[in-house]
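One structure is given below, encoded as structure tokens.
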Amino acid sequence: MKLRLLLGGLALVIAGAGHALADDPVKIGFITKFPVPFFATMENAAKAYAEAHPGVEIIYGQGTSATDIEGQIALVESMVTKGVQGIALTPVDPTVAPALDKAIAAGVKVVLMDNNIPDWDGRTALATTDNYNAGKIAGEHLKTVLKDGDTLGILEGVPGVPSLDDRVNGMLDGLKGVDVKIVGRGATNCTEELGISVAEDLLIKDPEIKSIYAACGPPAAGAAQAIKKAGIPNDKIVLVGFDFCCGEKEAIEAGIEDATVAQFPAKMAELGVDALVKAIRGEKVEPLIDSGAALVTKDNMAEF
């Protein structure tokens, strides 16, 4: 921060540590997990924010996959070296926390987006979907179309990543009240390829399976492909996804996927970047910022 004192008509500028002034330039880093439309939308929203706020400079970085921990750590370290005052990121795994601790020790503020790092208190704020409640939206929908004795297969994301686990746990809690048997579940790393593989395994294990839930968009699209390949009529199985991306639109239009849960990635990014900029400039920000979620079906998907 620069303090300007007027003495005898002369302006003295005193440099010191602290917050940037409201009109001072701000330089931040923006890091997303891996290249899928969801994170591309987030990055585009951050770029739009920077264009609308000329004093904000943003450096961008992205990992190569949902498990690219070392890549994300390297991006954090690189941005600190480049002199950013803050970093907004979607953490790929809790093990990136030590790199963030080093950034904070260097005076960099951190805002997390999309998912939290449990038991880590270094963040200034978290801008996210409430993934547990969003998962409940999916479970409550399944509850309306399933009955006691029906079967369910689960395509998990990356087990151990809190936001993805919350999507599954929320779904299961939303489904309570209907006695549904879980016949299998498997990790997909949020990829279409593993979505196809896990779904095919479920269909082989239980050809009469009544429903499949996918915790990410690419595996949901993969499951739709597996269902179509198996020749299962649309009215014989219920497929519910999460993210409304990566082929889900086409699967819903084709009637293979019944519903999905949409997040609002652009809003999430905008809120995350805005909170980071405000924090750098010394303004108060809320520690938890919910960007919302909604159920998408063929009837309402034009709204999304």
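The values are calculated or read from the model by the stated rules, or taken from the named source; none is laboratory data. Computed from a predicted structure; not experimentally measured. Because the Cβ atoms are built from the backbone with ideal geometry, glycine has one as well, and the counts that use them run over all protein chains shown. Heads up: the accessible areas ignore ligands, DNA and RNA and are worked out on the full protein's heavy atoms, side chains in. Shrake-Rupley method; radii C 1.70, N 1.55, O 1.52, S 1.80 Å.
Over all directions, average the projected area of the Cα convex hull of the chain and note it in nm². Spell out each step's value before the answer.
Working: hull surface 66.8 nm².
Here the figure is 16.7 nm², rounded to one decimal.
Would you calculate, for the chain, the mean residue ellipticity at 222 nm contributed by helices, counting each DSSP H stretch of 4 or more residues as -39,500 (n - 2.57) and dividing by all residues, to the nearest 500? Each step should come with its number before you reach the end.
Working: 9 runs with 115 residues, N = 304.
Taking each H run of at least 4 residues, the total per residue is -12000 deg cm²/dmol.
Under 5 Å between amide hydrogens, which residues at least 5 positions from Ile59 or on another chain qualify, with H placed 1.01 Å from N in the peptide plane?
So Ile59 has HN proximity to Ile28, Gly29, Phe30.
Of all alpha-carbon pairs in the stretch 196-304, indicate the percentage at a distance above 19 angstrom. Before the final figure, lay out each step's value.
Values: 2951 of 5886 pairs.
Here the long-distance tail beyond 19 Å is 50 percent of all Cα pairs in the stretch 196-304.
Using only the heavy atoms of the protein chains and a 1.4 Å probe, how would His141, His53 rank by accessible area, largest first?
On the way: His141 35, His53 70 Å².
Largest accessible area first, the residues go His53, His141.
Using Cα pairs closer than 8 Å and at least 6 residues apart in sequence, work out the relative contact order for the chain, in percent. Display every interim value, and only then the final one.
Values: 679 pairs, mean separation 55.2, N = 304.
Answer for the chain is 18 percent.
Given the pairs Lys47/Lys267; Lys109/Lys278; Lys109/Lys136; Lys181/Lys298, which span a C-alpha to C-alpha distance of over 21 angstrom in this model? Could the numbers behind the result be given before it?
Numbers: Lys47/Lys267 13 Å; Lys109/Lys278 11 Å; Lys109/Lys136 32 Å; Lys181/Lys298 27 Å.
Too far apart for the 21 Å limit: Lys109/Lys136; Lys181/Lys298.
Taking amide hydrogens as modeled 1.01 Å from N in the peptide plane, which residues meet the under 5 Å criterion relative to Leu239, leaving out close sequence neighbours?
Amide H to amide H, under 5 Å and 5 or more residues apart or across chains, Leu239 pairs with Ile212, Asp258, Ala259.
Using θ = phi - 60° and the Karplus form 6.51 cos²θ - 1.76 cosθ + 1.60, what ³J(HN,Hα) does each residue of the stretch 263-274 get, whole Hz, x for Gly and Pro?
Result, rounded to whole Hz: 9, 10, x, 5, 5, 4, 5, 4, 5, x, 5, 4.
Set the Förster distance to 22 Å, then compute FRET efficiency between Asn44 and Leu295 from the Cβ-Cβ distance, nearest 0.05. Walk me through the numbers on the way to the answer.
Numbers: r = 24 Å, r/R0 = 1.10.
So, using R0 = 22 Å, E works out to roughly 0.35.
Considering amide H positions built from the backbone, and no H for Pro or chain starts, which residues 5 or more places from Arg185, or on another chain, come under 5 Å of its amide H?
Ile154
Of Leu288, Ala275, Ala251, which is farthest towards the positive pole of the stretch 244-304's charge dipole, taken about the Cα centre with +1 and -1 on the beta-carbons of Lys, Arg and Asp, Glu respectively?
Ala275
Can you work out D for the stretch 103-254 in µm² s⁻¹ from Stokes-Einstein, where Rh is the Kirkwood radius over C-alpha pairs, the temperature is 20 °C and the viscosity is 1.002 mPa s?
D = 134 µm²/s.
Compute the convex hull volume of the Cα atoms of the stretch 48-93, divide it by the residue count, and report the result per residue in Å³ as a whole number. It would help to have the intermediate numbers written out before the result.
Values: hull volume 3.6 nm³, N = 46.
Residue-normalised Cα hull volume stands at 79 Å³.
Once ligands and nucleic acids are excluded and a 1.4 Å probe is used, how much of Val108 is accessible, expressed in Å² to the nearest 10?
10
Can you run phi through the Karplus equation (6.51, -1.76, 1.60; θ = phi - 60°) for the stretch 144-150 and list ³J(HN,Hα) in whole Hz, with x for Gly and Pro?
7, 10, 10, 9, 3, x, 5
What does the charge add up to near Ile87, with Lys and Arg as +1, Asp and Glu as -1, over the other residues with Cβ less than 11 Å from its Cβ? Please list the in-between numbers first.
On the way: positive: Lys27, Lys82, Lys109, Arg123; negative: Glu77.
Residues near Ile87 contribute +3 overall.
On alpha carbon coordinates alone, what is the Rg over Rh value for the stretch 73-148, Rh being the Kirkwood radius?
Numbers: Rg = 16.9 Å, Rh = 14.1 Å.
Radius of gyration relative to Kirkwood radius: 1.20.
From largest accessible area down, sort Arg123, Arg185; use a 1.4 Å probe on the protein chains.
Result, largest first: Arg185, Arg123.
With a 10 Å radius around each residue's Cβ, average the other Cβ atoms per peptide and rank 188-201, 213-226, highest first. Walk me through the numbers on the way to the answer.
Details: 188-201: 21.9, 213-226: 28.7.
The packing order, highest mean first, is 213-226, 188-201.
With the cut-off at 1.5 for a/c, could you classify the stretch 146-213 from its C-alpha gyration tensor as rounded, prolate or oblate? Provide the component values of the computation, followed by the final result.
Working: a/c = 2.95, a/b = 1.14, b/c = 2.59.
It comes out oblate by the Cα gyration axes.
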